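The values are calculated or read from the model by the stated rules, or taken from the named source; none is laboratory data. As the structure is a prediction and not an experimental result, all values here were calculated from the model. Ideal geometry is used to build each Cβ from the backbone, glycine not excepted, and the neighbour counts take in all protein chains shown.
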């Protein structure tokens with residue numbers, strides 16, 4: 001048995017039956033990291049001593065019969081979630097040496113459940129990017145083809161799961177940053193409804209769009225992590241007060257009576273034929289499983305979503321990133337001749353090119369004379385996009401689309417053309433604009449490269465999404481395919 | 001969509017972002033290209049459409065004003081680049 005290949009539910013069963021210990025499982029994953037991370041580079045920080053300590057504590061807890069389903073299960077956390085005492089960099093020079101004095105709420109919740117944290121995952125700097133190439137430290141490689149990107153910005157989190165360097169991970173999603181890399185790496189990536197998971201301790205990118213979610217090897221694991229991380233948090237005033245259901249109860253392999261819409265608006269010109277074919281075949285499978293499927297052009301404002309998103313997100317980012325002044329924490333330029341000079345140099349050397357681009361873009365959209373034409377206009381278009389989804393959900397229980405228009409692209413391919421890079425998120429960012437939930441699940445391969453299918457739900461419609469994802473997964477074997485990384 | 005070097009420099013000044021001359025030119029070109037792609041929004045009729053700032057409408061989220069334990073000054077200042085006697089040390093704000 002290869003311990004590193006286990007899912008949460010498999011490992012959890014073995015732990016409770018005392019067939020393995022958390023310490024053995026944790027050690028197996030560190031062995032796996034030592035074996036493959038030199039090639040995929042998914043991790044910025046490996047917290048070995050702490051993890052081994054947590055594993056010992058988990059074993060004691062299991063011994064006493066006080067374990068939860070996640071006790072003793074190793075995880076990786078995206079490096080934009082604060083971990084008390086463990087460096088949290090956002091893959092930026094700005095926070096390269098930042099050690100948070102507190103935990104993000106999601107980390108608190110997972111710790112309380114008995115998580116063993118293996119380390120922190122690489123990402124695009126401040127979560128701005130779709131390929132992980134914008135990490136200030138090093139790019140992460142796609143385990144299905146090392147010359148290709150893993151997607152982003154939660155690329156490290158997705159690769160760690162796909163390469164079996166962890167049992168599960170957390171990512172964050174502002175415009176597709178969980179789902180697009182999940183699709184590119186053939187893992188399950190869930191972006192919950194805005195407010196379903198606390199953002200406290202998540203380093204802010206665009207506060208009205210950011211949401212944390214799980215990245216797992218299968219849908220059952222996804223539901224198990226959701227059960228732990230979802231719920232109201234008094235420390236996040238945008239977190240939803242609604243009770244959290246037991247998501248594992250949604251895992252029924254039957255889609256009878258469900259009405260699914262397929263918006264043709266998402267099958268954009270330029271979409272790769274292989275991707276389109278895979279998603280068509282997957283939709284057929286959903287029909288065979290009992291769902292009623294209807295195709296139509298019911299989301300016509302989709303074509304404006306990219307522009308609206310790339311005004312709203314950078315505008316919020318330009319405000320959020322103003323806090324990095326080199327005074328309270330983070331990189332601080334010392335070689336300066338005045339306060340203003342120090343401030344300018346701190347940002348010049350602390351931020352990478354994509355972060356600078358977005359700060360400038362946001363500043364432009366918010367500046368006097370352009371506010372109405374850009375920011376306000378984008379917010380109005382946001383209303384129309386949201387309303388369009390509301391109308392669609394009067395008729396459908398969920399919508400099915402590709403996760404991204406292409407399979408993973410080559411490292412370097414889109415770095416010189418920001419607009420081409422932004423297009424990689426064309427199918428995922430409307431969902432953040434509307435604040436609704438969506439999941440990407442493995443849906444096939446084109447020439448050995450993964451394709452993701454996105455399932456979109458109504459606000460707090462997580463259970464329906466899990467049911468569809470589970471039924472599809474049970475009838476296919478895409479999720480059990482593994483990339484060949486052994487040397 | 002045209003953007004001049006001066007406009008780029010002015011925006012950088014607004015956010016106190018230091019840029020090299022090369023940065024200014026590269027950003028000018030890239031921002032022009034991105035803004036051109038945003039022109040598509042002008043096709044959308046948004047007459048009588050209210051703006052959305054947040055997708056989920058929660059209003060006036062309040063809590064009782066109760067004090068709870070917080071981080072110590074040492075913990076708060078642990079990441080500060082320059083500190084002195086329990087304070088953040090900053091450069092002179094007012095020039096003489």
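Can you pull out the helices (runs of 4 or more DSSP H) entirely within the stretch A:333-428 that have at least 3 residues that are modelled with pLDDT of 95 or more and within 26 Å of residue A:208 (Cβ to Cβ)? Steps first, answer last, please.
Working: elements: A:339-350, A:353-366, A:377-395, A:418-423.
By residue number, A:353-366, A:377-395.
Being part of a loop (DSSP other than H, G, I, E, B) and within 15 Å of the chain's Cα centre (by Cα) is the filter here, so list the residues in the stretch B:1-28 that pass it.
So the first thing to find is which residues in the stretch B:1-28 are part of a loop (DSSP other than H, G, I, E, B), and the list is B:1-4, B:15-20.
Residues satisfying the conditions are B:15, B:16, B:17, B:18.
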**Message:** Name the single residue that is surrounded by the fewest Cβ atoms within 10 Å (Cβ to Cβ) among those in the stretch A:101-138 being more than 17 Å from the chain's Cα centre (by Cα) and assigned to a loop (DSSP other than H, G, I, E, B).
**Reply:** A:138
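Restricting the stretch B:29-47 to residues that are assigned to a helix (DSSP H, G or I) and facing another protein chain (nearest Cβ under 7 Å), which is nearest to residue A:321 (Cα to Cα)? Lay out the reasoning, then the answer.
Restricting attention to the stretch B:29-47, the residues satisfying the condition of being assigned to a helix (DSSP H, G or I) are B:29-43.
Now narrow it down to the ones that are facing another protein chain (nearest Cβ under 7 Å): B:30-31, B:33-34, B:37-38, B:40-41.
On the way: B:30: 20, B:31: 19, B:33: 23, B:34: 21, B:37: 24, B:38: 23, B:40: 28, B:41: 26 Å.
Here the answer is B:31.
Of all helices (runs of 4 or more DSSP H) completely enclosed by the stretch A:151-256, which ones contain at least 2 residues that are more than 13 Å from chain B (Cβ to nearest Cβ) and surrounded by fewer than 23 Cβ atoms within 10 Å (Cβ to Cβ)? Walk me through it before giving the result.
Values: elements: A:155-162, A:179-185, A:219-229.
Helices (runs of 4 or more DSSP H) meeting the threshold: A:219-229.
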**Asked** Any idea which residue in the stretch B:48-82 is surrounded by the most Cβ atoms within 10 Å (Cβ to Cβ), counting only those that are facing chain A (nearest Cβ under 10 Å) and outside any loop (DSSP other than H, G, I, E, B)?
**Response** B:77
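What tally of residues in the stretch A:249-286 results from selecting those that are under 17 Å from residue A:395 (Cβ atoms) and without any contact (Cβ under 8 Å) to a residue 60 or more places away in the chain?
The initial filter retains those residues of the stretch A:249-286 that are under 17 Å from residue A:395 (Cβ atoms), namely A:255, A:257-266, A:283, A:286.
When the remaining residues are screened for being without any contact (Cβ under 8 Å) to a residue 60 or more places away in the chain, the result is A:257, A:264-265.
Of the residues in that region, 3 qualify.
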